[in-house]
Amino acid sequence: MRAFSLLLLFLFLQTGWAQTPPLYATDAWVRATARGQQATGAFLTLRSAEPLRLVGVRSPLAAAAEIHVMRVDDDGVMRMRAIPWLDLPADQVTELKPGGFHIMLLSLRAPANAGQRTTLTLVLENAARQRQEVTVDAEIRALNALAPNPPHTPRDKATH
Amino acid sequence: MKRVLAIGFLALLAACDTAEDAAEPNAAPVAVPSHAKEMQARYGEGYAMTDHLGQTRTLADWRGKVALVFFGYTHCPDACPSALYRFSQVMEILGPQAEQVQVLFVTLDPARDKPEILRDYTAAFNPNFLGLYVSPEKTPELARAFHVFYQVTPGQTPEHYSVDHGVGTYVYDTTGRLRLEIDHTATPDEVADSVRQLLAAKKD
């Protein structure tokens, strides 16, 4: 049921760019919230034909959104930080998923109910620092929806 | 200035914990798998918390069961839901034996994690999971009692802080003794194996 179905969006970025590079945004989803919970994570997979930066995100679900990185360090502590942007190298798959990069939706305007849909508007910047926005559809999945693997450190460190 | 609310692993407190030691000799040995480390300290064993239904609790309330204790907060994007999801799978693997296991989710962020949020959050994974909390003022003390590291990290606005925290799970045996700290990389099968061993050692 966590089938990698969903939307495969082929989005042409328009005006303001030297070219119109395609951005593939797939498998966008938002974790449902428990009643009263004010924040949740959003996840998706991105691939761009030219180097882009994800510099911001908006969603009707949330008054604020941040790009975050989380990792579990060798001391067994989960650390999460907001980052000002996320680089999307050309032709490289960048996954925002549990255990790594993600979008944090904050000050939720409404509960995120599993089965409903919302949108994520991605604010992208190209090498010439021109900005463009792309809106993708996202499924709200159950609170216990997960990537298959437990969180791990993105840093390539030897395990003990 | 960096706002460090609590730093665990205070050697001083270890002394207090051992003082609580109510002689319970001959804990049956448990194999220590690669995903866990053996614990001999008495962290948090007598520490009073409130459950999400409003009842005052200590870990002694679950004697006779194996208790899996995880510390986190509901704004946690994935370490906490991943852990709780893993425990829900452990319960499924254990089948009828799951009745002898209690999963406890202790919040390190009681300012935002109100009891009803804890209740709904834990219930989303398994209706028998229980959320526990103390007041925000007492949370540093709770973290010291359990020797759990956490640190509040300011966000871009005051209400959007995040909480860095340890992702290990404490496993208490049926006599209420802390026996293992299980790594976050442990699979549900591995956790279930450790639980089964501790249940098998239970003296009736």
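The values are calculated or read from the model by the stated rules, or taken from the named source; none is laboratory data. Given the structure is predicted, the values throughout are model-derived calculations rather than measurements. Cβ: placed from backbone, ideal geometry, glycine included. Neighbour counts: every protein chain shown.
The number of residues in region B:85-108 being farther than 18 Å from B:Thr56 by Cα and either touching a strand residue (DSSP E or B) at 6+ places or on another chain (Cβ under 8 Å) or within 13 Å of chain A (Cβ to nearest Cβ) (or both) comes to 11. Put simply, of A:Arg71, A:Arg79, A:Arg58, A:Arg129 the only residue that is in a loop (DSSP other than H, G, I, E, B) and of a type in the set (Lys, Arg) is A:Arg129. When region A:82-101 is limited to residues that are more than 21 Å from B:Gly155 (Cα to Cα) and part of a loop (DSSP other than H, G, I, E, B), the one that is farthest from the other protein chains (Cβ to nearest Cβ) turns out to be A:Asp91.
Put simply, of B:Asp51, B:Asp61 the only residue that is of a type in the set (Asp, Glu) and either touching a residue at least 12 places away in the same chain (Cβ under 8 Å) or in contact with a Lys or Arg (Cβ under 7 Å, 6 or more places away or on another chain) (or both) is B:Asp51.
Checked against (1) over 18 Å from A:Arg47 (Cα atoms); (2) buried (at least 19 other Cβ atoms within 10 Å of the Cβ); (3) more than 10 Å from chain B (Cβ to nearest Cβ), A:Met104 passes all but condition (3).
Specify which of the listed residues (B:Val106, B:Val69, B:Val101, B:Val30) is farther than 19 Å from B:Val134 by Cα, among the aliphatic types (A, V, I, L, M) and at pLDDT 90 or above. Before you say what the answer is, go through the steps one by one.
Details: B:Val106 fails: farther than 19 Å from B:Val134 by Cα; B:Val69 fails: farther than 19 Å from B:Val134 by Cα; B:Val30 fails: at pLDDT 90 or above.
Answer to the check: B:Val101.
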